[in-house]
Amino acid sequence: MRCPFCNNTDAKVVDSRSSKEGDAIRRRRECLHCAKRYTTYERIEEVAQMVIKKDGRREQFDRWKLKAGILKAVEKRPVTLDQIEGLIDEVERKLFGTTEREVSTVLIGEAVMDKLKGIDEVAYVRFASVYRQFKDLNEFMNELKTMLT
């Protein structure tokens, strides 16, 4: 750490404590060269969670984008916002809770469908029909048959 007054790198920590929010550590330092004091903050660097699209492109995970898709599927269904938020939290924990920072949209879609199936079957079918992009009625009917068995 460089002293903001003399640019010397030798300093000692005089005081250390958590910030009020608990998301950083505040350190009071004293330069061993000029004896002036200054404050530094240590924060965890957030690593971007990346999504690998079907065409191979990568983009940053967007929780709101996922929520918007789920909201369309549950429209006019008896599903609460708390259930939706809980579903998204579970999907995020499952997929990004490991050391992996890149997840394919296939895994995200499958995880959402798995959770939606337990919340509301109509919402599940709606989400699946958009996500899986059924080509014809037969594919759609096969999905419904699978769900009913």
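The values are calculated or read from the model by the stated rules, or taken from the named source; none is laboratory data. Being a predicted model, the structure only gives us computed values, none of them experimental. A quick note on method: Cβ atoms are made from the backbone with ideal geometry, for glycine too, and the neighbour counts reach across all protein chains shown.
The number of residues in region 22-51 that are of a type in the set (Asp, Glu), modelled with pLDDT under 95 and farther than 30 Å from Ile108 by Cβ comes to 1. Remark: Asp114 falls outside the filter, which requires a residue to be surrounded by 14 or more Cβ atoms within 10 Å (Cβ to Cβ) and farther than 29 Å from Ala48 by Cβ. Considering the conditions (1) among the hydrophobic types (A, V, I, L, M, F, W, C); (2) in contact with a Cys (Cβ under 9 Å, 6 or more places away or on another chain); (3) surrounded by fewer than 15 Cβ atoms within 10 Å (Cβ to Cβ), Ala68 is excluded by exactly one of them, (2). Which count do you get for residues in region 124-138 that are in a loop (DSSP other than H, G, I, E, B) and either touching a strand residue (DSSP E or B) at 6+ places or on another chain (Cβ under 7 Å) or loosely packed, with under 13 Cβ neighbours inside 10 Å (or both)? Going through region 124-138 one residue at a time, the tally reaches 3. Just so you know, in region 86-123 the residues that are basic (Lys, Arg) and part of a helix (DSSP H, G or I) include one that is farthest from Glu59 (Cα to Cα), and it is Lys117. Those strands (runs of 3 or more DSSP E) of region 1-85 in which 1 or more residues are of a type in the set (Lys, Arg) occupy 11-18, 24-31, 37-43, 58-60. Considering only residues that are among the hydroxyl-bearing types (Ser, Thr, Tyr) and either touching a Ser or Thr at 6+ places or on another chain (Cβ under 7 Å) or within 13 Å of Pro4 (Cα to Cα) (or both), which ones fall in region 14-40? If the condition is that a residue be among the hydroxyl-bearing types (Ser, Thr, Tyr) and either touching a Ser or Thr at 6+ places or on another chain (Cβ under 7 Å) or within 13 Å of Pro4 (Cα to Cα) (or both), then Tyr38, Thr39, Thr40 are the ones that fit.
All of Ile70, Ile44, Ile88 fail the test of being more than 28 Å from Ala24 (Cβ to Cβ) and either touching a Lys or Arg at 6+ places or on another chain (Cβ under 8 Å) or β-branched (Val, Ile, Thr) (or both), apart from Ile70.
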